[in-house]
Amino acid sequence: MSPETSQTRAGSGLFGETTLSVGDSFSVFQGILMTLLGFLVLFMILGMIPPFNSDGQLGLLLVLTSLQMLALGQVLGSQVTRSWLLVAVGIVFAGLGIFSCIVPGVLTSVIQPLLGIQNLITGVMILATQIIAPTLYGIRNPPAEPVALPPLLKRLLLILTITGIMVILFGVNMLAPVLLPGLMGSIVYAFFLPVLIIIMGLLTLTTVYITRKLQ
């Protein structure tokens, strides 16, 4: 293959081949979609746009989680083997999410607590595997000479910590109508939902940006 052919195939600018991995590409898509969804929910609550199907947004979040299971083998903040059990769980979750988007009001009582519990576990796993466990390992097995962390790595650890906390808060917020039945639970849920979704979307995009800088 001649250099001219290789250069033509690679392209340049917007038409050039991206260096994003599959996981990073999905994270960019997920971050943009969650940020857009958060703003739409916020505008709906403020009365700037007409109300839309709330079950659709919950179903969409569940479908995104299912795609992570099926395509990337990522669940609970960790990379796992895509076993038949994981594929089956991903298909079931995707089916519930798609059904909730198409037929609103039927699975609300199931999907909302399911998303809440899943995000609680995910947030705890992010903090445990990405922050707490490495920190404890460094304390128990200190290096012979102190090693200064690069600024980008410190920023990434900070972003991961905030992400874990936000995911836990999102899970608690999804369970608010169950834990606080009545008007109070609905108010807490409606007030914090768009803010948390926007923050989680922006944190996802920031994480991809920093990890790309570290590579």
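The values are calculated or read from the model by the stated rules, or taken from the named source; none is laboratory data. In this text the structure is predicted, and so the values were computed from the model without any measurement. When we count neighbours, we look across all protein chains shown, and the Cβ atoms used for this are built from the backbone with ideal geometry, even at glycine.
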Study note, to complete from the structure: Of the residues in region 93-112, those that are surrounded by fewer than 16 Cβ atoms within 10 Å (Cβ to Cβ) and within 27 Å of Ile165 (Cα to Cα) come to Thr108, Ser109, Val110
Study note, to complete from the structure: Here the residues within region 28-69 that are in a helix (DSSP H, G or I), among the aromatic types (Phe, Trp, Tyr) and closer than 24 Å to Ser109 by Cβ are none
**Study point:** Any chance Ile131 is at pLDDT 80 or above, under 21 Å from Met166 (Cα atoms), in contact with a helix residue (DSSP H, G or I) (Cβ under 9 Å, 6 or more places away or on another chain) and among the hydrophobic types (A, V, I, L, M, F, W, C)
**Key:** yes
Review point. Out of curiosity, is Ala176 surrounded by 13 or more Cβ atoms within 10 Å (Cβ to Cβ), at pLDDT below 90 and touching a Phe, Trp or Tyr at 6+ places or on another chain (Cβ under 7 Å)?
Key: yes
